[in-house]
Structures are given as structure tokens and as C-alpha cells.
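Asker: The structure's right below; bear with me while I get my questions together.
The values are calculated or read from the model by the stated rules, or taken from the named source; none is laboratory data. Computed from a predicted model, the values in this text were never measured in an experiment. Here the Cβ positions follow ideal geometry from the backbone for every residue, glycine too, while neighbour counts run over all protein chains shown. Calculation scope for accessible area: heavy atoms of the full protein, side chains included, ligands and nucleic acids excluded. Shrake-Rupley method; radii C 1.70, N 1.55, O 1.52, S 1.80 Å.
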Amino acid sequence: MSTERIGAEAVAARGWLGAHKWLLARRASQLGILTLFLLGPLAGVWIVKGNLTFSYTLDVLPLTDPYILLQTLLTRHLPEAKAFVGAAIVLAFYLLVGGRVFCSWVCPVNMVTDAAAWLRRRLGIKGGAHVSRGARYWILAMTLVLAAATGTLAWELVNPVSMFHRGLIFGLGAAWAVILAVFLFDVFVMKDGWCGHLCPVGAFYSLVGKVSLVRTAAVQRAACNDCMDCFAVCPEPQVIRPALKGVDAAGPVIADANCTNCGRCIDVCSKDVFVFGTRFGNKADKVSSPAQKMAAACK
Amino acid sequence: MEAEKPRKASAAAAARRQFLLDSARMACGVGLLGIGIGLYAKQAKALPPLAVRPPGALAEKDFLGACIRCGLCVRDCPYDILSLATPDEPVATGTPYFVARQLPCEMCEEIPCVKACPTGALDHKLTDINQAKMGLAVLVDQENCLNFLGLRCDICYRICPVIDKAITLEQQLNARTGKHALFIPTVHSEHCTGCGKCEKGCPLEVAAIKVYPIELAKGEPGKHYRLGWVEKEKAGGSLVAPDVQHQYNLPEGMRYESGKGLIPGGEAPAVPPGSAAPGTQPAAPRALQGGKL
């Protein structure tokens, strides 16, 4: 890894804007969605009402968080039809663009944990607690069991994701302390701790992402110069290797459900290895094996 | 080849062992977290008495499973009385409530908060706001209520949107002066919607009348209790055999008079005073007969 900052080569190659365009697009998306929600209470312009668990846009479009709908169903309560329609629309959308697009393009906690990851890199903090990235699925299962066992949305009492978004719109109260705790946890205790290891909301959306259409793909993986910037910047670096290195004859499409389609790998790569594409056409033979690539590089 | 087999087997055993260990680690760690949240959820089921749920809210234990904390009821309330609980408040995080003493429910005829609810946590079957049961007003402090002191405050009665049904004024003798009346505000649970207007209107420093959750406010008689007069009315007549007329067996030439005992004398009435012949009404005390004392 170079001692320069991550993405320095990409900035040199494409300029600062060119090397941050997906990051900027994501921030615009996250802040734009938040602004839409805030326009009502702050400016009296009611385009969107509610919050990320359920919202009503222009009094026609219901959008429901399918994860919370699932919890409600497990408490043996049958919601109104509107809630089901909203969940179907949301599910269809994420099936199209990628399950964890919620995490990187919508969820407000992402900005907090991205800031934590940035600070961690700047301070050069290494190591910390180790928990398997599979922990989130255990926690997801636990939250569903809790809903069924207590008959209440027990997880929603403490869920930092809904708590933060609701708080920004309806009043934070002490939720700021929970969010600060998540930030500090990610900085000092565990790299990508909350979003990458523990959050059951992300885990739920990753299950949607198992079959979703839009994927990041390392189509130019032959051009990779092993600068490792993509691995350093990626919040789920384990998803890159099979596609980039062709492990077990894998194709260039990042098939792992935990890729959030954040596009940071596209931004920081000076060789333009990554692009957004679809899950189809994932042929291993499109690109050369690492061995051939090495030979090509030596020429 | 011979050595390969046991090595493979031991590798598989080690992998299995590792898998079981990892699973146990996760199950125990996450289980601990889950127990913590579960117990917290159990505590959070208790709604503090001063927080009132919007109209149509399901019973609290069902409400906490049905409400997804989206805040649409908050948004559609034209009087902005509802708010979503923040984590530091004693109401389940994110759920809607109002505090009657601050801002009571205005009982909109359209009930927009209920219509906005996407899950039915606010029951859409509630279409007449007068049927709402957000809570029940209780005149908790009879020592400080101005009407109980004999004054004509009457604010809770006058301000009640269901006046003369949910709250009535019941006359009693003012024992302090001996000649005035007390007008006692009396809540009737059948009609009270729990809107909290009375609590908001009470002019005392701390309200003497408060809206409480119905299960706190209301008593309940045993399932087997029957009110004799109600049952009698239902049946259209007495359900028990009439009392057997008491017979005195007095010595000859004696009569009995209440307070005096046996009195010798000829003209003993066949029926002693205070009892009645079968088929006639017993004599009421003179004071109640409208006669002069």
C-alpha cells in the first residue's frame, strides 16, 4: 500500500471531482432524502411525511421498510394494506438497484460510520475487537425472535438506524448519545464495526441483495496494479477479492450480497478497473488470470 | 494413502469443532444481547400514567407490536398535540403520545390521526370520535377540587366536549355550611373519551382531575357479582321468594311497642307497629312520608 492517501493516484489521474463522483452522488442522495423528509417540519412543504420505517410521498406513494413490516407480522399483528404495498415497492426497488444500496445511499447512519472510518484511517488506528461479519445475521435472527417472543417491536426500542432518522425529523432526544456511541465504537473499537459487522438492518437488506440486479464489477481487472486502495476504502473489503482476483475462476462481477454499491472502489481506482453493471454476463474468461496479467505487466 | 485418511478425518473434525465453537460463541453473545433487549422491552410495555395514546390506539401490549413508529399520526394531527417518544423519555421509543395537561386531544370529527396510520395500531374501526377511549378522567384529588370545597368552579364540566354525559354535576349537601349544595363533578366511563380537556382546564396548580389509562382508572367487580335491583328489573320481578312475615307470639293480654317492650293492655293490635300485614307496604319512617316532624 502506498503511504499516500487512498485514492491519491485516482485524483492525479482524473482530478478530485472525478475521483469522488460516486461519493458526492451518495452524499447528495443521503442528504437529499433527508431534506425531503425535513422540508415538511422545517419549511411546511409536505412532499414526504413520516420516516424511513414508513413514509407517504405526495399523499400517493407509500414506502414501508420491509424489515420492520416483517417484525410487525412476527408480533402477530396484521397491518393495513397500505403498509404491504409500500413494502412491495421498496423490495422491488432494492431488488433492482442492490439490497444494501439502502445502506450506502439512503441510511443516515452511513454518514456517521463513513466519518468514523475516515477518522480511523487519518489517525492510523489499527486493530481492535474482532467479531465475525456474520454476527449481523445472528443479530438479525435475534431481533426477529424477540419480536415473536415479546409481541412487541423490541428491537425498535434500541435500533440506532431508525432512532437516528426518526430523531433527525421528529426530535433526537438522547438518540444523539446512541449515535455518538456508534461513531466512537467504529473509530476505536472495531473497523466498520456497526455497518459492517453488527447492523441487522443491513443484514436484512443484504439478503435482498443476494439476487439484486445492479452490481459493481471489476471488468478491467487485468489493469489492476495492486495498489490496494479499493480494499482500504471499501467498508466490506471481503467482497472485492473474488471478483478482482478471479478466485476459483470467479467472474468480474462482485456477487457478494454485502457489497453496498457505494462506488468508492470505482472512485479510488486510478486504472478504472471497476464499473457499475448488472449481475449478468459474469464470464470469467473475459479477463485474464492473475498469472497472465503478471506476464502482461512485465512486458 | 493410508496416512492421508486419518489426517483428512482429523481436519474435518477440527473444522466441525471450529464451526460449533463459532456458532456457540455467536449464539451466546447475541443471546445475551437479546435477553437484555427483551427485558428492557418488557419494562417498556408499561406506559406511564401521564402519557396518553392517540384515539383508537390498541391495548398497549398490542400497540407496541403494531405501531411502526412512522409518525404519520403526528403529522396529520391538525393541532400538533402528538409527539414521538425519544429514547430518554419513559414511553416506548418512537411511539406517539400526548400529555393532556400540556395539550389535550381536540377530538376532530374526521379523526385524521387514525386515518393516517398505515398499520392499524390506531384502529381504523374507530369512525366516531365520541367512541374513543384514550383514557378515563378521574377526579383524583377531592381535597383540593374547588367544587368539592363548595365553590362553583365547574370548569371540567363546562369544558368537556361530551358535557352532561361524560361529566355531570351531582348535588350533595354541603355539610360545612349546612345549607348550601356541593356540585360534585362526576365522570361516567361509558361516555368519557379520555381527551384530557378537563385535566388541561383544571385551574389548580396541579390538576385535581386527570386522565389515566383505563386499566388504572377503572375498578372491576368480580365476574360473579350481580346487582339485585338490576337483575330484578331484567326479570321483571323479584327473583327471590318474599320474606316470610314475622309472627309474634305474645302472652295473652300483652302487646309489644318498639322501645317500650311488653305492655300489659287489652287492645293489642293484631300486627305490631313496624311490621306490615302481608300484601301491604311497610310503614316508612314519618320523616320520609313528607309529614311534619
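Asker: Across the residues of A:163-176, average count of Cβ atoms on other protein chains within 10 Å?
Answerer: On the way: counts 5, 0, 0, 8, 5, 0, 4, 12, 5, 3, 7, 5, 5, 2.
That works out to 4 on average.
Asker: Using the Cα gyration tensor of the stretch B:180-222, with a ≥ b ≥ c the square roots of its eigenvalues, what is the shape: rounded (a/c below 1.5), prolate (a/b larger than b/c) or oblate (neither)? Please report the intermediate quantities before stating the final value.
Answerer: Numbers: a/c = 2.04, a/b = 1.32, b/c = 1.55.
It is oblate, given that a/c is not under 1.5 and a/b is not larger than b/c.
Asker: Can I ask one more? Which order do A:Ser206, A:Ser132, B:Ser238 take when ranked by solvent-accessible area (1.4 Å probe, heavy atoms of all protein chains), largest first?
Answerer: On the way: A:Ser206 0, A:Ser132 55, B:Ser238 75 Å².
Solvent-accessible surface, decreasing: B:Ser238, A:Ser132, A:Ser206.
Asker: Report ³J(HN,Hα) in whole Hz for each residue of the stretch A:138-154, in order, from the Karplus equation J = 6.51 cos²θ - 1.76 cosθ + 1.60 where θ = phi - 60°; Gly and Pro get x.
Answerer: Those phi angles translate into 5, 5, 4, 4, 4, 5, 6, 4, 4, 4, 5, 6, 8, x, 10, 7, 4 Hz.
Asker: Would you mind working out the magnitude of the charge dipole of the protein assembly as shown relative to its Cα centre, with +1 at each Lys and Arg C-beta and -1 at each Asp and Glu C-beta, to the nearest 20 Debye?
Answerer: In debye, rounded to 20, the protein assembly as shown gives about 2200.
Asker: Now a separate question. List the residues whose amide H sits under 5 Å from the amide H of B:Val138, counting only those 5 or more places along or on another chain, with H placed 1.01 Å from N in the peptide plane.
Answerer: When sequence neighbours closer than 5 places are left aside, the close amide H contacts are B:Lys210, B:Val211, B:Tyr212.
Asker: What does the C-alpha gyration tensor say about the overall shape of chain A? Classify as rounded when a/c is under 1.5, otherwise prolate if a/b is larger than b/c, or oblate.
Answerer: Note, shape of chain A comes out prolate.
Asker: Next question, about the same structure. Each residue of the stretch B:242-250 in order: what ³J(HN,Hα) in whole Hz does its phi give by Karplus 6.51 cos²θ - 1.76 cosθ + 1.60, θ = phi - 60°, with x for Gly and Pro?
Answerer: x, 4, 6, 5, 6, 10, 8, 10, 9
Asker: Now, a different point. Quickly estimate the mean residue ellipticity at 222 nm for chain A, helices only: each DSSP H run with n ≥ 4 gives -39500 (n - 2.57), and the total goes over all residues, rounded to 500.
Answerer: -14500 deg cm²/dmol
Asker: Next question. Is the C-alpha gyration tensor of the protein assembly as shown telling us rounded, prolate or oblate? Criteria: a/c under 1.5 is rounded; beyond that, a/b larger than b/c is prolate, otherwise oblate. Could you put the intermediate results ahead of the total?
Answerer: Details: a/c = 3.85, a/b = 2.69, b/c = 1.43.
Cα axes put the protein assembly as shown in the prolate bin.
Asker: Now for a separate question. Long-range amide H contacts for B:Leu182: which residues qualify at under 5 Å (H placed 1.01 Å from N, peptide plane, sequence gap of 5 or more or a different chain)?
Answerer: HN-HN under 5 Å from B:Leu182: B:Gln172, B:Leu173, B:Asn174.
Asker: Still on this structure: Taking springs between alpha-carbon atoms closer than 10 angstrom, which of A:Leu244, A:Leu38, A:Leu172 fluctuates most in the Gaussian network model of chain A?
Answerer: The residue that fluctuates most here is A:Leu172.
Asker: Using the Karplus curve 6.51 cos²θ - 1.76 cosθ + 1.60 with θ = phi - 60°, what ³J(HN,Hα) values do you get for each residue of the stretch A:46-55, in whole Hz, with x for Gly and Pro?
Answerer: Taking θ as phi minus 60°, the curve returns 8, 8, 10, 10, x, 8, 5, 6, 7, 9 Hz for the stretch A:46-55.
Asker: Please list, ordered by chain and number, the residues whose modelled amide H lies under 5 Å from the amide H of B:Phe148; skip anything fewer than 5 residues away on the same chain.
Answerer: Amide H to amide H, under 5 Å and 5 or more residues apart or across chains, B:Phe148 pairs with nothing.
Asker: Using alpha carbons only, how many angstrom separate the centre of the stretch A:20-76 from the centre of the stretch A:152-198?
Answerer: 17 Å
Asker: What number of lysine-lysine pairs in chain A show an alpha-carbon separation below 19 angstrom, given a sequence spacing of 8 or more or placement on distinct chains?
Answerer: So the count works out to 12.
Asker: Straight-line reach from B:Lys42: which lysines have Cα under 25 Å away, leaving out those fewer than 8 places along the same chain?
Answerer: Answer for B:Lys42, where 25 Å is the Cα cut-off: B:Lys61, B:Lys133, B:Lys218, listed by chain and number.
Asker: OK, next. Show that you can apply the helix-only estimate: for chain B, add -39,500 (n - 2.57) for every DSSP H stretch of four or more residues, divide by all residues, and state [θ] at 222 nm to the nearest 500.
Answerer: -8000 deg cm²/dmol
Asker: Please determine, in degrees from 0 to 90 and to the nearest 10, the orientation of helix A:109-123 with respect to the longest principal axis defined by the Cα atoms of chain A, where the helix direction is its Cα long axis.
Answerer: In chain A, helix A:109-123 runs at an angle near 40 degrees to the longest axis.
Asker: Looking at chain B as a GNM with Cα springs under 10 Å, which of B:Gly65, B:Gly236, B:Gly56 has the largest mean-square fluctuation?
Answerer: Sorting by GNM fluctuation, first place goes to B:Gly236.
Asker: Counting other Cβ atoms within 10 Å, keep those with at most 16, restrict to DSSP loop, and tell me which trypsin sites (Lys or Arg not before Pro) in the stretch B:7-99 are left.
Answerer: On the way: sites: B:Arg7, B:Lys8, B:Arg16, B:Arg17, B:Arg25, B:Lys42, B:Lys45, B:Lys61, B:Arg69, B:Arg75; in loops: B:Lys45, B:Arg69.
Answer by residue number: B:Lys45.
Asker: Say we join alpha carbon atoms closer than 10 Å with springs in a Gaussian network model of chain B; which of B:Asp88, B:Asp62, B:Asp164 then has the biggest fluctuation?
Answerer: For chain B, modelled as a Gaussian network with Cα springs under 10 Å, the answer is B:Asp88.
Asker: Then there's this: Say the dipole of the protein assembly as shown comes from +1 at the beta carbon of Lys and Arg and -1 at that of Asp and Glu; which of A:Phe204, B:Leu149, A:Ile240 then lies farthest toward its positive end?
Answerer: Positive-most Cα among the choices belongs to A:Ile240.
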